Amino acid sequence: MGNLDLGFFDWSVIGPFVTKGFIFSIWLTVVATIGGIVLGTILALMRLSGKAWLDIPAAAYVNTMRSIPLVMVLLWFFLLIPFAIGRPLGAETSAVITFIAFEAAYFSEIVRAGIQSIPRGQIHAGQAVGMTYGQNMRIVILPQAFRNMLPVFLTQTIILFQDTSLVYAIGAYDMLKGFETAGKNYGRPVEAYLMAAVVYFFMCLALSYAARRLQQKIQIIR
């Protein structure tokens, strides 16, 4: 194995450094996914409202966020928001705000496509029984759309989890930072980054498998 120190791969060695970052990476992924879906759903409904005063700003927001690298958005929020409000937010708080705002643009497009995939007859049926637009969306359309979108949501969440490593750029203590810290403390940076790659790979592989299984189950239900 060349000059690799296999003893470094013992969890008892790297665990104290990585556990804190691992917890933050998972927490950031969950919070950003939930917040992104909620905000993304609002943006999608604005774009589908048929009203220009709702559609245009929502489309501008989505297209702008999707056109800018995430690391740049991270730096903007980390540097500009504290300047605007006159006090620091901290790297972790900035990361949460950035990821929710950024991922909302992507979840918005997923939700919009999911809503548009529902047959128009469903909407007309709801209108025929006297439902308002809001009731129709809440009771008839969105439940079906969200069920169809679950595999895509999970796929986007996998990408989001991978992207959490970018908070390293603003000094947040995520899982990658934990591995790097362990590598510095033991003088083994190569082993640290190799171990980080392996952990990211297997976690994302497991989530990808779960997404495929979920998609198969949804197809069977249909």
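The values are calculated or read from the model by the stated rules, or taken from the named source; none is laboratory data. Given the structure is predicted, the values throughout are model-derived calculations rather than measurements. We place every Cβ from the backbone using ideal geometry, glycine too, and count neighbours over all the protein chains shown.
Quick notes on this one:
- Close pairs from the range 82-100: first over 21 Å from Gly40 (Cβ atoms), partner of a type outside the set (Lys, Arg) and modelled with pLDDT under 80, Cβ under 6 Å, at least 6 apart: Pro82/Pro88
- Restricting Val111, Val62, Val73 to those that are surrounded by 17 or more Cβ atoms within 10 Å (Cβ to Cβ), free of Cβ contacts under 8 Å to residues at least 60 places away in the same chain and either under 28 Å from Asn136 (Cα atoms) or of a type outside the set (A, V, I, L, M, F, W, C) (or both) reduces the list to Val62.
- Sole exception among (1) of a type outside the set (S, T, N, Q); (2) surrounded by 18 or more Cβ atoms within 10 Å (Cβ to Cβ); (3) farther than 23 Å from Ala44 by Cα for Tyr186, by number: (2)
- Picking from residues in the range 114-142 that are surrounded by 14 or more Cβ atoms within 10 Å (Cβ to Cβ) and not in a helix (DSSP H, G or I), the one that is nearest to the chain's Cα centre (by Cα) is Ile118.
Matching residues to (1) among the hydrophobic types (A, V, I, L, M, F, W, C); (2) in contact with a Cys (Cβ under 7 Å, 6 or more places away or on another chain); (3) in contact (Cβ under 8 Å) with a residue 40 or more places away in the chain:
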position	(1), (2), (3)
Leu160	yes, no, yes
Asp163	no, no, yes
Leu166	yes, no, yes
Ala169	yes, no, yes
Lys177	no, no, yes
Thr181	no, no, yes
Lys184	no, no, no
Val190	yes, no, yes
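- Scan of the range 163-190 for residues that are of a type in the set (A, V, I, L, M, F, W, C), under 26 Å from the mean Cα position of the chain (by Cα) and farther than 15 Å from Gly90 by Cβ, ordered by number: Leu166, Met175, Leu176, Phe179
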